[in-house]
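What follows is a single structure, written as structure tokens, with notes after it.
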Amino acid sequence: MAMYAGQGVGLITEIVPAREVVERLVAEAQRVIGTKLSGFPKSSE
């Protein structure tokens, strides 16, 4: 049976659970948002 895959298959370096992927994504987003928006005044809410 032939298995077709793109060049991206070579970029996979680890297999992690979806939960960990989401946790990493959220942590990185929080870091970037905190860094990029730190100069803006906070809302009055």
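Derivation of every value follows stated rules applied to the coordinates shown; laboratory data play no part. Note that this is a predicted model, so its numbers are computed, not measured. Note: ideal-geometry Cβ built from the backbone for every residue, glycine included; neighbour counts use all protein chains shown.
Structure notes:
- Positive-pole candidate from 4, 33, 18, dipole of the chain, charges at beta carbon: 33
- Karplus-derived 3J(HN,Hα), 6.51/-1.76/1.60, for each residue of region 17-25, Hz, glycine and proline x: x, 4, 4, 5, 4, 5, 4, 5, 4
- Tail weight of P(r) past 11 Å, computed on alpha-carbon pairs of the chain, percent: 78
- Where labels lie 7 Å past Cα in the beta-carbon direction, separation of residue 4 and residue 38 in nm: 4.8
- Loop GluC sites (Glu not before Pro), region 12-41, which have at most 15 other Cβ atoms in a 10 Å radius of their Cβ (DSSP): 14
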